[in-house]
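The values are calculated or read from the model by the stated rules, or taken from the named source; none is laboratory data. On a predicted model such as this, the values are computed, not experimentally measured, just so you know. Because the Cβ atoms are built from the backbone with ideal geometry, glycine has one as well, and the counts that use them run over all protein chains shown. Calculation scope for accessible area: heavy atoms of the full protein, side chains included, ligands and nucleic acids excluded. Shrake-Rupley method; radii C 1.70, N 1.55, O 1.52, S 1.80 Å.
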Amino acid sequence: MLPELLQGVDTGGLLVIQDSASYSGRHLLQSFINAALNREEAVHVLGFEVSEEELKDGLRGSPVQRLHFHNAYTDPLGWTDHPAFTVHQFCLGELTRLVKQTSHSKPATLVIDSLSWILRHVSTPDVCRTLQQLRKGGAVRSIIGLLHADMHQRGTVGSVCHSATSVITVEPAMRGDEAVAKITKRSKSGKVIQDEEIFRIKDDLTVVVQSKFSKGAKKADSEEQETDPTANLTFNLRLSDTEREAKQKLALPFVFSKEKKTALLHSGPGSGRIHYEPDANDDYDQEDPDDDLDV
Amino acid sequence: MYTELNSILNTTPDSFTQGEFVLLSDRQSDASFLIHHFLSLYLRARCKVCFVGLVQSFNHYSAISQRMGVSLTQAKEKGQLVFLEGQKESLSVLIPQENDTGSQAMDFLRDPSVGLKSLYEFVRSAVSSNGEEAGDGSEEWGPPVLLVDDLSVLLSLGVSAGAVLDFSHYCRAIVCSQLQGNVVMLVRCDGEGEEDEGDDEGSERLMKGLTHQCSLTLHVQGLPTGYCRDIHGQVEVCWRRRQGDGQYTQKKLFQYKVHDKGASFFAPGTSSAVL
């Protein structure tokens, strides 16, 4: 699904790329910018977090003439006298004016880097409202935003993603240069599609999907052949015939045969004998009390 | 400076990456020994250093740097080092006297909700005044470097995490991007706090925000197995942005031991006490 999304976000759509401190989603964001530039679309980048040089440095090889970078990085809070774009200018009117400054035949794609910066200074309802207005407004064709999910409360992240038509959550994968993307796409008919893929971004910013990530995909354990544990030993486990005979003849110490039993119970000559003369009170039973012993 | 750390980070006083934002962090440990490394490294590299020392006095850093072969007093006299001694300046804010020249850098103590704009103004004037003064005899220094020790104490002084993140953003914008210098900041965390407790302000949020902004992190922790006399802890080095070949995050883990005159770093399990 990732390549489909890269081919173009639907008109009026909002794509949110969620990342965390363990894996930065900016690289994927640059892939989206690169894909849009290659489709000959105009891209407006509202840059709060990285400078223009740094962003364009990652986009080497892309046709950057159609890329318009709006500098909100050097002075986003108006601490100097002449701020280029401050975070408080994030509203429908200002953004429409910004995008319409460079006249293009087709409506442009707006890339926001990042939504987290704006959410720190502008309240969540205002941000969501502005995004919604931009989507319906017509000045921009589609919006792509980067959101650092671990910097906000879950409610904030949830609210922003709720107004998005597609959400891609990126996390690090087992291998260093790969990442896992969890994609949720809401189509206009209301159907929600979810997918999980492992991808890798090549040097020219194209995305290669390595495999479909499925949790239960274990390789079917091929039945291992039963190995004979008595093979290849340094000692001999087998018995020769004479040894087998001797083993069967051996009388085990606590298994009583009839002869052994009588020999034990009726002691031989020379050993002490017990004379018992019962008293008047004794209940003497003539029967052998050990008779029912099954030994 | 610690030679082993230099080889791990691939830096020497003569050649180091410019425009880097280095984040030093620790969790229930003490990463301030790394601040001394970067201070002596950049002073030896003849950079113009602006040091915002909020937690210790000037003499503390001076004494330790002396042991590492760098004289802070001399650097200050020559104009190479601009030192903001937070503790002394804060006294002049809290107990104002008539003959106070006083920079307004620590004005946020009076009203923390205002933010750190005045502290940023101090940093900006310190790093931008490189070679602007009348140049008779004043030497040309290299790219500017900002060191902050440490950011977490600002949270304790009532400044919100958002304001500290704004401050670090502006410092990065002017020092790294505009002047091609480096920024080194220390942030400290206590407790395990990995979960989002719903606490919007706090050291965890500050740490995550700074991690997103920086290009290199060095995270110091104790050994997971407990106290050891010969190994004082572990350092996880994480390169977040690599120019050129690929941009995947690269992580390396080392163990360290702090000596009287330096610190040694080694791969886990190869401590000299063990081998």
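Counting only Cα atoms, I'd like the Rg/Rh figure for the stretch A:1-87, Kirkwood definition for Rh. Kindly include the intermediate steps, with their values, before the conclusion.
Numbers: Rg = 14.2 Å, Rh = 14.3 Å.
That ratio equals 0.99.
Please give the helix A:26-38 orientation as an angle from the longest Cα principal axis of chain A, in degrees from 0 to 90, rounded to the nearest 10.
Between the helix axis and the principal axis of chain A, the angle is about 50 degrees.
How much of the DSSP beta bridge set in the protein assembly as shown is antiparallel, as a percent to the nearest 5?
Just about 40 percent of them are antiparallel.
When only DSSP loop residues count, what GluC sites (Glu not before Pro) in the stretch B:67-98 have their Cβ near at most 10 other Cβ atoms within 10 Å?
Listed in order of number, the matching sites are B:98.
In whole Hz and in residue order, list the ³J(HN,Hα) couplings for the stretch A:163-177 that follow from phi through the Karplus curve 6.51 cos²θ - 1.76 cosθ + 1.60, θ = phi - 60°; x for Gly and Pro.
Going residue by residue, I get 8, 8, 8, 9, 10, 10, 9, 10, 9, x, 9, 4, 8, x, 8 Hz, with x marking Gly and Pro.
Please report the carbon-and-sulfur percent of the accessible area for chain A; probe 1.4 Å, protein heavy atoms only, DNA, RNA and ligands left out.
Within chain A, the accessible surface is 50 percent carbon and sulfur.
What number, in percent, do you get for the relative contact order of chain B if the mean sequence gap of Cα pairs under 8 Å and at least 6 apart is divided by its residue count?
25 percent.
Taking the 0 to 90 degree range and rounding to the nearest ten, how far is the long axis of helix A:124-137 tilted relative to the main principal axis of chain A, both from C-alpha atoms?
With both axes taken from Cα atoms, the answer is about 60 degrees.
Give me the distance in nm between label points sitting 7 Å out from Cα along the Cα-to-Cβ direction at residue A:287 and residue B:4, one decimal.
8.7 nm
Rounded to whole Hz and in sequence order, give me ³J(HN,Hα) for the stretch B:2-17 from the Karplus expression 6.51 cos²θ - 1.76 cosθ + 1.60, θ = phi - 60°, writing x for Gly and Pro.
Couplings: 9, 5, 5, 5, 4, 6, 5, 8, 6, 10, 9, x, 8, 9, 8, 5 Hz.
With springs only between Cα atoms under 10 Å, which of B:169, B:219, B:60 fluctuates most in a Gaussian network model of chain B?
Ranking B:169, B:219, B:60 by mean-square fluctuation puts B:60 first.
Under a 5 Å amide H to amide H cut-off, with H placed in plane at 1.01 Å, what residues pair with residue A:141 once short-range neighbours are removed?
Hits under the 5 Å cutoff: A:108, A:109, A:110.
Expected output is a single nm value to one decimal: the length gained when fully extending between residue B:90 and residue B:15, i.e. 0.36 nm times separation in residues minus the C-alpha distance. What is it?
Taking 0.36 nm per residue and subtracting the Cα distance, the gain is 23.3 nm.
Give the calculated FRET efficiency between residue B:71 and residue A:81 to the nearest 0.05, with a Förster radius of 41 Å applied to their Cβ-Cβ distance.
Efficiency, rounded to the nearest 0.05: 0.55.
Hey, in the GNM for chain A with a 10 angstrom Cα cutoff, which one of A:24, A:187, A:240 fluctuates hardest?
So, out of A:24, A:187, A:240, the one fluctuating most is A:240.
Using a simple charge model, +1 on the beta-carbon of Lys and Arg, -1 on the beta-carbon of Asp and Glu, nothing else, what dipole does the protein assembly as shown show about its Cα centre, in debye to the nearest 20?
3120 debye
Which of B:87, B:97, B:255 moves the most in a Gaussian network model of chain B with Cα springs under 10 Å?
Its mean-square fluctuation being the largest, the pick is B:97.
Between B and A, buried accessible area summed over both sides at probe 1.4 Å, in Å² to the nearest 100?
In total, this chain pair buries about 2600 Å².
Mind giving me the nanometre distance, one decimal, between the label points for residue A:39 and residue A:244, set 7 Å out from Cα along Cα→Cβ?
8.0 nm
With the cut-off at 21 Å, tell me which of the pairs B:48/B:76; A:182/A:202; B:48/B:257 have Cα atoms farther apart than that.
Flagged as over cut-off: B:48/B:257.
Divide by every residue of chain A the summed helix terms, -39500 (n - 2.57) for each DSSP H run of at least 4, and state the resulting mean residue ellipticity at 222 nm, rounded to the nearest 500 deg cm²/dmol.
Numbers: 9 runs with 83 residues, N = 295.
Estimated from H runs of four or more residues: -8000 deg cm²/dmol.
Where does each of B:225, A:165, B:12 land when they are ordered by accessible area, with a 1.4 Å probe and the largest first?
Listed by decreasing accessible area, they come as B:225, B:12, A:165.
How far apart, in nm, are two points set 7 Å out from the Cα along the Cα-to-Cβ line at residue A:4 and at residue A:94?
For the pair residue A:4/residue A:94, the computed spacing is 3.7 nm.
For chain A, calculate the relative contact order in percent as a whole number, restricting contacts to Cα pairs under 8 Å that are 6 or more residues apart. Don't skip to the answer; put the middle values down first.
Details: 403 pairs, mean separation 57.1, N = 295.
Normalised by residue count, the contact order of chain A is 19 percent.
Can you give the Kirkwood hydrodynamic radius for the stretch A:112-205, in Å, rounded to one decimal and based on Cα pairs?
14.9 Å
Principal axes first, then extents: for the Cα atoms of the protein assembly as shown, list largest minus smallest coordinate on each axis, whole Å, largest first.
129, 69, 58
Quick check: from the Cα gyration tensor, does the stretch A:56-144 come out rounded (a/c under 1.5), prolate or oblate?
oblate
Tally up the carbon and sulfur contribution to the accessible surface of the stretch B:1-115 as a whole percent, 1.4 Å probe, everything protein left in place.
So the carbon and sulfur contribution to the accessible surface is 45 percent.
Which whole-number value in Å² is the accessible area per residue of chain B, probe 1.4 Å?
45 Å²
Once the Cα atoms of helix A:92-101 and of chain A are each reduced to a long axis, what angle between those two axes, in degrees from 0 to 90 to the nearest 10, is obtained?
70 degrees
Can you compute the FRET efficiency between residue A:191 and residue B:55 using 1/(1 + (r/R0)^6), with r the Cβ-Cβ distance and R0 = 56 Å? Round to the nearest 0.05.
Efficiency computed from Cβ-Cβ geometry: 0.50.
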